[in-house]
Amino acid sequence: MTSSTAPTRAQNAAARSVDRLTKGSAFSRIGSWVGMPVGIALLLVVGSLLSDRFLSIGNLTNVLINISILGVIVVGMTFVFITRGLADLSVPATVAVGAILVLGLQPTIGTIPAALVAILAALVAGVVNGLLIGYAGINPVITTLAVGTIVLGIAQWSVGGVIVYGTDPAAQAFLNGRVFGIPVIVMVFLAVAVIGHLVLSRTTLGRWVYAAGGNPDATRASAVPLFLTRGSAFVLTAGLAGLAGVLLGVTLQTARPGIGIGYEFDAITAVVVGGVSLLGGSGSIPRAIGGLLFVALLNNILVLQGVPTAVQGIAKGTLIVAAVSLDVYLRRKGGQS
């Protein structure tokens, strides 16, 4: 074996691994692409039978509005999952940073500059996550939990633990308004989702993301920058969580340090239910968005039926267990460990 052939074989191994994990067996391919649309269609049928209000334009529009801010985070979390980064638990802190900074700086520099500063601050937290996970090799769950705790502490200290109020009702009215009948907040979410999908499916970074999660050993031996790719996923997630915080703060015109609590769990639920593997290397933005829509419709049906919040939590937990079990089953069916 010559030195010139070694990287070629490694690259080929990584490519074969990515191809195997993204395509899988015919059974897993059909199951992953047909299962979610069928599930959503069943929910639409069940919801319409249980409630006359379920299929109304107003109710379905409210469902889309309610998932828009969370959907921005789901796009970033999908990158983390596919790189085999497990999950980003610093999301609540970066959402809080985005919301607090945009409202806190609003009176001094205006809403748009304040939003940019807020997103940049969230990105800094993402860079710290990326360096510790990508280059230092520290466990992603421990790292993001620790960094999130520190960042949330800084956010609480900066505002003294009190609620911050906005001063730009025009910005609030714009984000809560509609263009051509479409809610602006939904348009922002769709724009982020489309860009995320194009980056993941059409760019070199997207191919690296799949390679990093599909076969890290082969990727490390090839020309693909594994550490940079894995770290970039956490930077991207932090930036999008910061953007979600900005959207949340401006639309509510209030923010507190705990404003982002729960978003990380909801994002993980949507991504897992959407069939994005916890083991990395497979999944897509449309599938994650499908999972988000499925969970949102299920929640909406439960709310319309007056089901207690505790039972809704049980339903979410059951969904995660079922989705992970299905992922393991499909991988074994496809001959993957």
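The values are calculated or read from the model by the stated rules, or taken from the named source; none is laboratory data. Quantities reported herein were computed from a predicted structural model and do not represent experimental measurements. Cβ atoms come from the backbone with ideal geometry, glycine included; neighbour counts cover every protein chain shown. Just the protein is used for accessible areas: all its heavy atoms, side chains included, with ligands, DNA and RNA removed. Shrake-Rupley method; radii C 1.70, N 1.55, O 1.52, S 1.80 Å.
The one condition from (1) within 13 Å of the chain's Cα centre (by Cα); (2) open to solvent by 20 Å² or more (accessible area, probe 1.4 Å) that Phe227 does not meet is (1).
Name the single residue that is nearest to Thr318 (Cα to Cα) among those in region 221-258 being of a type in the set (Val, Ile, Thr) and at pLDDT 90 or above. Only one residue fits best here, namely Thr237.
Scanning region 171-182 for residues that are among the hydrophobic types (A, V, I, L, M, F, W, C) and either open to solvent by 70 Å² or more (accessible area, probe 1.4 Å) or under 11 Å from Val102 (Cβ atoms) (or both) gives Ala171, Phe174, Phe180, Ile182.
Looking at region 287-307, which of its residues are more than 21 Å from Leu190 (Cβ to Cβ) and touching a helix residue (DSSP H, G or I) at 6+ places or on another chain (Cβ under 9 Å)? Leu298, Ile301, Leu302, Val303, Leu304, Gln305, Val307, listed by residue number. Here Thr111 meets the list (1) touching an Asp or Glu at 6+ places or on another chain (Cβ under 6 Å); (2) free of Cβ contacts under 8 Å to residues at least 60 places away in the same chain almost entirely, failing just condition (2). Filtering region 280-295 to residues that are polar (S, T, N, Q) and at pLDDT below 90 leaves only Ser282.
Within region 62-86, restricting attention to residues that are open to solvent by 10 Å² or more (accessible area, probe 1.4 Å) and closer than 16 Å to Val141 by Cβ, the residue that is farthest from the chain's Cα centre (by Cα) is Arg84.
Applying the condition of being surrounded by 13 or more Cβ atoms within 10 Å (Cβ to Cβ) and in a loop (DSSP other than H, G, I, E, B) to region 24-52 and asking which residue is modelled with the lowest pLDDT yields Gly24. Screening Leu131 against (1) open to solvent by 60 Å² or more (accessible area, probe 1.4 Å); (2) touching a helix residue (DSSP H, G or I) at 6+ places or on another chain (Cβ under 8 Å); (3) at pLDDT 90 or above; (4) within 15 Å of Val97 (Cα to Cα) leaves a single unmet condition, (4).
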